[in-house]
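No value in this document is a laboratory result; all are computed from the given coordinates. Everything numeric in this text was worked out from a predicted model, so none of it was measured. Glycine also receives a Cβ, built like all others from the backbone with ideal geometry; neighbour counts cover every protein chain displayed.
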Number of protein chains: 2
Amino acid sequence: MAFQFDSFDRPFAAAIDRLRSVSLRPTRQRLVICRQLFDAGDRHVTAETLHAELVGQRLRVSLATVYNTLHQFTKAGLLREVVVDGAKTYFDTNISAHHHFFDIERGDLIDIPGEGIAVNGLPTAPDGLEIDRVDVVIRIRRAARG
Amino acid sequence: MAFQFDSFDRPFAAAIDRLRSVSLRPTRQRLVICRQLFDAGDRHVTAETLHAELVGQRLRVSLATVYNTLHQFTKAGLLREVVVDGAKTYFDTNISAHHHFFDIERGDLIDIPGEGIAVNGLPTAPDGLEIDRVDVVIRIRRAARG
DNA sequence: GTGTTTGCAAAGTGTTTGCAATTTA
DNA sequence: TAAATTGCAAACACTTTGCAAACAC
């Protein structure tokens with residue numbers, strides 16, 4: 001039996017299942033991160049914001065482990081990396097096809113459902129290359145004075 | 001008369017004009033960077049690649065000045081910043097409306113003319129916010145084994 | 001001359017890594 | 001107990017900054 005949890009502990013059971021489904025050992029750290037990410041709808045985090053949340057809840061996980069885990073989750077297909085800012089790396093728990101608003105000033109990411117946007121006239125990839133994915137980022141900011 | 005150039009020196013004259021048009025003093029460093037960027041069609045550079053090019057041509061400019069100058073040019077509207085990679089900042093000499101292919105493996109940016117792609121069904125920006133711009137990045141990579 | 005620009009080196013930010021100690025199976 | 005994982009601290013890559021010297025006008 002893993003840790004202090006038993007099968008009656010639903011949130012942990014779900015996290016354990018999720019990790020097992022991608023062949024990652026359900027360690028204390030991964031479970032804690034898993035719950036923080038997936039127990040509450042779609043989320044956008046950076047390593048630093050996620051680490052701060054965990055620390056704020058007295059859940060001790062090192063920043064290095066948060067970084068490593070976010071990448072493991074991404075490789076496993078549980079997360080998706082979103083590039084919108086040169087400085088930091090964002091991770092999105094919503095792995096379905098969709099695009100983003102990015103609030104330049106606040107650094108906030110907001111999902112736009114996949115059906116909301118259609119990209120037409122996509123060129124074919126240059127010779128020998130293929131399309132991996134198409135990202136649409138709508139940069140938004142505080143409206144100019146009216 | 002600035003430096004060793006005179007008005008018969010066309011490339012420098014053009015660079016001087018370009019800088020003057022955005023109220024930037026035509027210093028030796030800015031002129032050299034200006035020519036490197038704009039004398040040869042559309043280009044995508046990072047501070048490091050541009051600096052390496054200049055140094056390779058014995059044109060001495062410090063990396064700090066390259067960084068500063070790229071940002072000045074961007075603010076002045078001569079360049080556009082393109083976010084496609086978490087690690088480095090790309091600058092594009094093509095400031096017209098267009099989108100990009102990004103070769104994930106090689107880190108190459110390729111322009112797609114603006115008319116080539118249409119984004120339909122753009123949602124309106126959340127309350128109090130307005131759209132600054134819409135970026136479409138098509139991530140490409142070596143085609144899978146055939 | 002006076003204000004601007006440059007270059008250096010130091011500092012900063014976000015991220016990755018080597019490795020001993022710990023934990024999981 | 002063997003293999004995987006963690007946390008620390010050091011290393012990293014890229015970028016920004018403070019300030020004295022050099023430069024443009």
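Kindly provide the helix-only [θ] at 222 nm of chain B, computed as the sum of -39,500 (n - 2.57) over DSSP H runs of four or more divided by all residues, to the nearest 500 deg cm²/dmol? Intermediate results must be reported in sequence, preceding the final value.
Numbers: 4 runs with 47 residues, N = 146.
-10000 deg cm²/dmol, from helical runs alone.
Can you tell me what percent of all Cα-Cα pairs in region B:68-146 are more than 21 Å apart?
Working: 1279 of 3081 pairs.
Cα-Cα pairs of region B:68-146 separated by over 21 Å account for 42 percent.
Apply 1/(1 + (r/R0)^6) to the Cβ-Cβ distance of A:S23 and A:E81, taking R0 = 22 Å, and write down the FRET efficiency to the nearest 0.05. All intermediate terms of the calculation are to be shown ahead of the outcome.
Details: r = 20 Å, r/R0 = 0.91.
Here the calculated transfer efficiency is 0.65.
Considering the alpha-carbon set of the protein assembly as shown alone, what are its Rg and its Dmax in angstrom?
Answer for the protein assembly as shown, Rg first and Dmax second: 23.4, 84 Å.
Just to confirm my numbers, what's the Cα centroid distance between region B:93-146 and region A:68-145 in Å?
11
Going Cα to Cα from A:K88, which aspartates and glutamates come in below 13 Å? Please leave out same-chain ones fewer than 8 positions away.
Straight-distance partners of A:K88: A:E48, A:D108, B:D85.
Arrange the following residues from fewest to most other Cβ atoms within 10 Å of their Cβ: A:H44, B:H99. Don't skip to the end; give the middle numbers.
Working: A:H44 20, B:H99 23.
With the fewest neighbours first, A:H44, B:H99 line up as A:H44, B:H99.
Tell me, B:I95, B:I104, B:I140 in order of fewest to most beta-carbon neighbours within 10 Å? Mind dumping the intermediate values first?
Values: B:I95 12, B:I104 15, B:I140 24.
Ranking B:I95, B:I104, B:I140 by Cβ neighbours within 10 Å, fewest first, gives B:I95, B:I104, B:I140.
Would you list A:T69, A:T124 from fewest to most Cβ contacts within 10 Å?
Numbers: A:T69 23, A:T124 10.
Least to most surrounded, the residues fall as A:T124, A:T69.
What nm distances, shortest first, do you get from the label point of B:D85 to those in the other copies when the point sits 7 angstrom along Cα to Cβ?
2.1
If contacts are Cα pairs under 8 angstrom and at least 6 residues apart, what is the relative contact order of chain B in percent?
Numbers: 146 pairs, mean separation 23.0, N = 146.
Over chain B, the number comes to 16 percent.
Calculate how many DSSP beta bridges within region A:13-140 are antiparallel, expressed in % of all such bridges and rounded to the nearest 5.
For region A:13-140, the DSSP antiparallel bridge percentage is about 75.
In nm, to one decimal, how far is the B:I131 label point from the A:Y67 one, both placed 7 Å along Cα→Cβ?
Taking the simple label geometry, B:I131 and A:Y67 are separated by 3.7 nm.
For A:Q57, which inter-copy label distances result when the label point lies 7 Å beyond Cα on the Cα-to-Cβ vector, reported in nm to one decimal and in ascending order?
Shortest to longest, the spacings are 5.5 nm.
State which stretch of chain A is the longest one without any exposed trypsin sites (Lys or Arg not before Pro), exposure meaning a DSSP loop state and at most 15 other Cβ atoms within 10 Å.
Numbers: sites that count: A:R58, A:R60, A:K88, A:R106, A:R145.
Counting at most 15 other Cβ atoms within 10 Å as exposed, the longest clean stretch of chain A is A:1-57.
In the P(r) worked out for chain A, what percent of Cα pairs fall beyond 21 Å?
That tail contains 53 percent of the Cα-Cα pairs.
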